[in-house]
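Student: Please read through the structure below; I'll follow up with questions.
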Amino acid sequence: MENQRGTNIDKIEYATVVGSNTLLRTVFAWMTAALAITTVCSMLFAFTPTLLGLLINETGMTTLAWIVMFAPLGFVLLMSFGFNKLSYPVLVAAFLAYAAITGISLSFIFIIYQLGSIVNVFLSSVALFAIMAIAGYTTKTDLTKMGSLLMIGLFGIIIASVINVFMRSDSMSFICSILGVIIFTGLTAWDVQKIKNMAAEDDGSTTFKKMSIMGALTLYLDFINIFLYLLRLFGKRN
C-alpha cells in the first residue's frame with residue numbers, strides 16, 4: 001500500500017520496529033554492563049577482607065561505608081539534573097561509576113544473607129524482570145495511567161519507609177516489601193514501553209544517545225529494587 005505521499009507504509013512500520021529494537025538493545029546492553037559491574041564490586045568487597053575492612057571495623061561502619069551508602073543518590077541526581085550539561089562520555093562514566101559504588105554498598109547483603117539465598121533471589125528477580133519487560137514491549141495497552149498510579153505508590157512507600165525508620169515495625173516493613181515488588185514490576189513494564197515509544201523519535205543525535213543511558217539507568221533501578229525487596233521477603237539471614 002502506498003500513502004498519499006508515495007511512501008510505503010510497510011517500510012515505515014519496519015523502520016519503527018528496527019529503531020525500537022536497536023534502542024532497546026542499547027539500553028539493555030548498558031543495563032547489563034552496569035549490573036555486571038555492580039555484581040563484581042559487591043562480591044569483591046564482600047569476600048576480600050582488606051576491602052571489607054574499609055567498610056566495617058571494630059567500632060562499626062566506617063566513614064567510607066556511609067559515603068558509599070549515600071553516594072548513589074548523588075550520582076542519580078547528577079545524571080538527572082545535569083543531563084543537558086553533561087557530555088555523552090561523562091554521562092556514561094557517571095553511570096558506570098554509579099553502578100560500581102552501588103555494588104560496594106550492596107556488599108553488606110553478603111554479610112546479612114546466606115549466599116545461596118542471594119543467588120536464588122537474584123535468579124528469581126531476573127525471571128520476574130524479564131517477564132514484565134516482555135509484557136511491556138508486546139502489550140498494545142497504553143500503560144501511562146498505570147505508570148502514574150505506580151509512581152504515586154512509590155512515593156507512598158518512600159514516606160512509609162522513612163516513618164518506619166523510627167517505628168521499627170516488622171509488619172510495616174513486610175507490607176512495604178510486598179508493595180515494592182508489585183510497584184517495581186509494574187514500573188518495569190511501563191518503562192520498557194516508554195523506551196519502545198521513544199525509539200520513534202530517534203534522530204541519531206548525541207542527546208538521543210544520552211537518553212539511552214538514562215533508559216538503562218531507569219531499568220537498572222527497577223531491577224535492583226525488585227531484587228532488594230524480594231531479598232527482604234525471601235532471603236535467609238545468616
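Quick note: the coordinates plus some simple rules give every number you see, no bench work behind them. This is a predicted model, so every value here is computed, not measured. Methodologically, a virtual Cβ is constructed for each residue, glycine included, from the backbone with ideal geometry; neighbour enumeration extends over all protein chains shown.
Student: For the chain, give the magnitude of the charge dipole about the Cα centre (Cβ charges: +1 Lys/Arg, -1 Asp/Glu; no others), in debye to the nearest 20. Walk me through the numbers on the way to the answer.
Tutor: Numbers: 14 positive and 11 negative charges, 42 e Å.
Rounded to the nearest 20 debye, it is 200 debye.
Student: While we're looking at this one, here's another question. Helix 63-81 versus the longest principal axis of the chain: what angle, 0 to 90°, nearest 10, using Cα atoms?
Tutor: Around 20 degrees separate the two axes.
Student: Near Lys196, which lysines are there with a Cα under 28 Å away, not counting those fewer than 8 places off in the same chain?
Tutor: Lys11, Lys85, Lys140, Lys145, Lys209, Lys210
Student: Positive end of the charge dipole of the chain (Lys, Arg +1 and Asp, Glu -1 on Cβ, about the Cα centre): tell me which of Thr138, Val165, Ile178 has its Cα farthest that way.
Tutor: Sorting the options by dipole projection puts first Val165.
Student: With charges set only on the Cβ (+1 for Lys and Arg, -1 for Asp and Glu), what does the dipole of the range 126-222 come to about its Cα centre, in debye to the nearest 20?
Tutor: 60
Student: Quick check on the range 34-75: what are the equivalent-ellipsoid semi-axes from the Cα gyration tensor, as sqrt(5λ), descending, whole Å?
Tutor: 19, 16, 5
Student: Mind giving me the nanometre distance, one decimal, between the label points for Tyr137 and Phe174, set 7 Å out from Cα along Cα→Cβ?
Tutor: Placing both labels 7 Å along Cα→Cβ, they lie 3.7 nm apart.
Student: If the chain between Ser161 and Lys209 were fully stretched, how many nm would it gain, using 0.36 nm times the residue separation less the Cα-Cα distance?
Tutor: Full extension from Ser161 to Lys209 adds 13.8 nm.
Student: What FRET efficiency would be calculated for the residue pair Val126, Ile67, taking the C-beta separation as r and a Förster radius of 45 Å, to the nearest 0.05?
Tutor: Efficiency at R0 = 45 Å is approximately 0.95.
Student: Any chance you could tell me what percent of the C-alpha pair distances in the chain go past 25 Å?
Tutor: Roughly 49 percent, rounded to a whole number.
Student: Here's something else I'd like to know. How much mean residue ellipticity at 222 nm does the chain get from its helices, if each DSSP H run of length 4 or more adds -39500 (n - 2.57) and you divide by all residues, to the nearest 500 deg cm²/dmol?
Tutor: Helices in the chain give a 222 nm mean residue ellipticity of -27500 deg cm²/dmol.
Student: Cα gyration tensor of the range 93-183, axes a ≥ b ≥ c as square roots of the eigenvalues: rounded (a/c below 1.5), prolate (a/b > b/c) or oblate?
Tutor: Oblate is the answer for the range 93-183, as a/c is 1.5 or above yet b/c matches or exceeds a/b.
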